[in-house]
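Have a look at the structure below before the remarks.
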Amino acid sequence: MKPSTSGFKFGWIQGVLLRCLLNIWGVMLFLRLSWVVAQAGIGEAILLILTTTTVTTITSLSMSAISTNGLIKGGGTYYMISRSLGPEFGGSIGLIFSLANAVACSMYVVGFCESMVDCLKANGICIVDCDNTDIRIIGCITIVLLLLIVMIGLEWEAKAQIGLLVILLLAIADFVIGTFIGPKDDEERAKGFIGYNANLLEENFSPDYRYSEGVEHNFFSVLAIFFPAATGILAGANISGDLKDPQTAIPKGTLLAIFLTTISYLLMALMVGASVMRDASGDVNDLWTVFNSSYAGLSSFNASNETTEIPIATQNQIAWSRYGTKFNCTGNCQYGSHNSFQVIELVSAFGPLIYAGCFAATLSSALASLVSAPKVFQALCLDKLYPGIEWFSGEKDKEPIRGYFLTFVIAVGFILIGELNAIAPLISNFFLAAYTLINFSTFHASLARPIGWRPTFKYYNMWLSLAGSVLCVSVMFLISWWTALITLFVVLALYLVVSYRKPDVNWGSTTQAQTYNNALNAVQQLDRVEEHVKNYRPQLLVLTGNPTARPALVDFAHHIAKNNSLFICGHIIETSISYKTRNALIANCISWLRANKLKGFYSLVDGANFQDGTTSLLQAAGLGKMRPNILLMGYKQDWATCSQDNLNMYFNVMHKALDMHIAVALLRVSEGLDSGTVAGDAEEQKKNAQIPQTQSFSQLSQASSTSDISIPGSPAPRRSKAINDYPNPIPEEQRETRQAFIPVAKDILNAVTKFQRKQKKGTIDVWWLYDDGGLTLLLPYIISTRRNWANNRLRVFALANKHSELEYEQRNMASLLSKFRIDYSALKVIPDISKPAQTSSRNFFDSLIENFRVTENSKQTDDVIKDSELIAMSEKTNRHLRLRELLFENSMDANLVVMTLPMPRKGAVSAPLYMAWLETLTRDMPPFLLVRGNHTSVLTFYS
């Protein structure tokens, strides 16, 4: 059979009102309402009906608000919850709601089969045992026929629904008329139907909870069985994709259906309670009128009996009720509202019409559930939130034929249980879970107040929705606490699955809006908090450029921030770029950070040189107290060959940061930080290679240790072409076809993944030269606490001016570190820092500044080092040369060296001489971090 398209659209009456009426006037109306009145009494039955009405009315108001806040597509309840609360809640409730509808379909079919078996039994017909086996046989046949109807098409199903509604209305009218007519013969009286009676009304008003079908009933157990009668309110919303105007149809049709059905349930409960006894034997001889007539016949043969009263023997032995009955139900009475589920048929004026109405009610509800479950499930499958279910959706905008068959299989499984009271509580919990989230969706949207929350339906209240949500959860636990726990556990498990998979969807949910509100409130609250040294956090602005080009610098910064501090990757592009290119670059860099599980931000400045761009970032990056307090840059290894302007800008940026009371840190690794430079420009090796922006460098650490291996090419700094071609993250299936592999040497691999690997056992050497507030000590301590550096212990080096003060300085430093609670393995105070450096060191330094010295042909500009400057700074120069000698002597085997960055007064030293000092300290050394705090204390003695 070819799947029919969903071109036919319904109005609010046929699409919502009629469906809701047929669902709510379902199996419970004809088969369980009389039993509910018998157990709970008229008073508590009315309370029970009003409880369900309260839940459904509040839920309908919430649903109306959601459904009128924009276009509602196919998927009904799932669509509304998922687009409001996000895919996690939507996916979990969508799956449960689909299952609930499939199980509800089986419940309605079992209800139909119960009445069918009773009808056959009344006529002396049995298939096997006139019990559960017959129910199962008839149920399987019925569900097959229903499946054929819905597969023909929704239009035919809608026509069938109208016919069923007419029969259902006639059946209800038949029952009402029957209550006024009263019992038609003694047999009906013997079965408990005595007509309207004030005494019976009074007697049936109070509850009479009894043990039934393995359960000692109470108010909530009866509510659990009756509650599925109220679940029909979502029948119209579930086919929202097939409505002409769901925004108008869902509120109008659902609320009117709730009103009409509530009135009918209340009136029918009152009528049953006022006219039908709870227990009856079905034996006409238990009626006084029959007994009296029999006695009158006997007395005509006994002339000596002159009394017209009940015989003395009879009065002593038989207790007649005030209704003229002597039912003895100490055994098992088969009739009465407590014992028979066919009371409605008994009361009616024309019994067969009630059977027809019961068949219509159950089959119409089964049809609606059989349609709803696949429709909701199809919408869920098309969103691809769960693996392995997409196949069941079929083609988009077509009937979900595979979904129908899946619902059919589930329904058959529950039909084989064959007991209505066993199926109903499970459905109650599933539907209540859906109602809970519908109410919570409206509350959450009203609480978050996103600009897009503008429902045209105004008759809702956020606190009423919250109360409805709490009420639904409360009823779940009161009905059956263990079933409620199972339901909540399943919802949580499904929530976690979607949360773990992180589907690539953006539905503008209120969860996203609330995240913004929470972040805004937190930042505003943080702005009112006074800064304190105990709460100091290193907040980094890292000049990474494109972070994909300098993974080692990004990884090192991540070890400092590591999910606890602000981490911003700054990128400066000297030329102006288009809006499209800018957005593509930002998207790619953010995607790369996420792919590498780096919790950082990316900030781009274009149309500015390095100095102006960095100044802009320092001034504008961050928000409130969430602003960078450390500027981390890579060491400028080409300082001796670059243009003087670039050198001066690099030098001036450090001064600018310190002027703004922002600490400065420089990182140098011997291989260089730019992966494009390290690789010798990978694009030249293979010009056609397109490197995916989301490539994770973490996989490189798992590569082979051979000298030449094939790995994904390291991203080069120049990315504009790739960015323009692929502005969005590349899907997995496309990524495989575009990914190119180029040979990369082992030393390049090591450079790229330098700080991703677990560091070998060794030390982090800290050279604390000046008191800069303690940042030189704090940063290496933070790094040493990370998992990759767990095998590294701190060694602290400090300087003493005189040899005689060595022991005193050592004790002072040890005491200081102890008070700071800095865990270290060794402490060494080095004297004689001011003694002359070795000749080899001086020769090395002279070779560094040779090209910057003033000669006869050089012009007197800032890009040269004057002799007067060398003489004035000779002491400082000697100090740096001595430090180089000491570093070579003590720290060549360290895994990381951290040293206080020497920073002379602004204007006192030229940029070339300053960079020569740094080159002297860091060349041929292990990874080297130069740190200069802003003299703000970051360590404290106090707790």
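The values are calculated or read from the model by the stated rules, or taken from the named source; none is laboratory data. Note that the structure is predicted; figures quoted are calculated from it, not measured. Positions of Cβ are backbone-derived with ideal geometry, glycine not excepted, and every protein chain shown enters the neighbour counts. These area figures cover heavy atoms from the full protein model, side chains too; ligands, DNA and RNA do not enter into them. Shrake-Rupley method; radii C 1.70, N 1.55, O 1.52, S 1.80 Å.
Counted as qualifying within the stretch 5-95 are the helices (runs of 4 or more DSSP H) with 1 or more residues that are open to solvent by 10 Å² or more (accessible area, probe 1.4 Å) and under 25 Å from residue 378 (Cβ atoms), namely 18-24, 33-67, 76-85. For the stretch 508-520, residues that are open to solvent by less than 60 Å² (accessible area, probe 1.4 Å), among the polar types (S, T, N, Q) and part of a helix (DSSP H, G or I) total 4. The residues in the stretch 745-778 that are more than 16 Å from residue 555 (Cα to Cα) and either in contact with a Lys or Arg (Cβ under 6 Å, 6 or more places away or on another chain) or open to solvent by less than 10 Å² (accessible area, probe 1.4 Å) (or both) can be counted, and the count is 10. Residue count for the stretch 128-142 under the criterion of being among the aliphatic types (A, V, I, L, M), surrounded by 15 or more Cβ atoms within 10 Å (Cβ to Cβ) and outside any helix (DSSP H, G or I): the result is 0. Please indicate, with yes or no, whether at least one residue in the stretch 405-421 is touching a helix residue (DSSP H, G or I) at 6+ places or on another chain (Cβ under 7 Å), closer than 24 Å to residue 240 by Cα, among the small types (Gly, Ala, Ser) and modelled with pLDDT of 85 or more. Checked the stretch 405-421: at least one residue is touching a helix residue (DSSP H, G or I) at 6+ places or on another chain (Cβ under 7 Å), closer than 24 Å to residue 240 by Cα, among the small types (Gly, Ala, Ser) and modelled with pLDDT of 85 or more. Scan the stretch 102-126 for residues that are open to solvent by less than 10 Å² (accessible area, probe 1.4 Å) and within 21 Å of residue 235 (Cα to Cα) and jot them down. Those that are open to solvent by less than 10 Å² (accessible area, probe 1.4 Å) and within 21 Å of residue 235 (Cα to Cα): 102, 103, 104, 105, 106, 107, 108, 109, 110, 111. Which one is nearest to residue 656 (Cα to Cα) among residues in the stretch 606-618 that are open to solvent by 30 Å² or more (accessible area, probe 1.4 Å) and in contact (Cβ under 8 Å) with a residue 12 or more places away in the chain? Here the residue is 611. Please verify whether residue 174 is under 21 Å from residue 343 (Cβ atoms), crowded, with 19+ Cβ neighbours inside 10 Å and not basic (Lys, Arg), treating the condition exactly as stated. Yes. With respect to the stated conditions, residue 781 is open to solvent by 20 Å² or more (accessible area, probe 1.4 Å), among the aromatic types (Phe, Trp, Tyr) and modelled with pLDDT of 85 or more. Residue 145 meets the conditions (1) open to solvent by less than 50 Å² (accessible area, probe 1.4 Å); (2) without any contact (Cβ under 8 Å) to a residue 40 or more places away in the chain; (3) part of a helix (DSSP H, G or I) in every case but one. The failed one is (1). Would it be correct to say that residue 473 is open to solvent by 10 Å² or more (accessible area, probe 1.4 Å), more than 16 Å from the chain's Cα centre (by Cα) and modelled with pLDDT of 85 or more? So residue 473 fits the description; yes. Of 886, 918, 870, all but one fail to be assigned to a helix (DSSP H, G or I), surrounded by 18 or more Cβ atoms within 10 Å (Cβ to Cβ) and hydrophobic (A, V, I, L, M, F, W, C); the exception is 918. Screening residue 505 against (1) in contact with a helix residue (DSSP H, G or I) (Cβ under 7 Å, 6 or more places away or on another chain); (2) under 22 Å from residue 225 (Cβ atoms); (3) open to solvent by less than 70 Å² (accessible area, probe 1.4 Å) leaves a single unmet condition, (2). Listed conditions (1) outside any loop (DSSP other than H, G, I, E, B); (2) under 29 Å from residue 871 (Cβ atoms) are all met by residue 904, apart from (1). Considering the stretch 852-867, the residues that are at pLDDT 80 or above and open to solvent by 30 Å² or more (accessible area, probe 1.4 Å) include one that is nearest to the chain's Cα centre (by Cα), namely 866.
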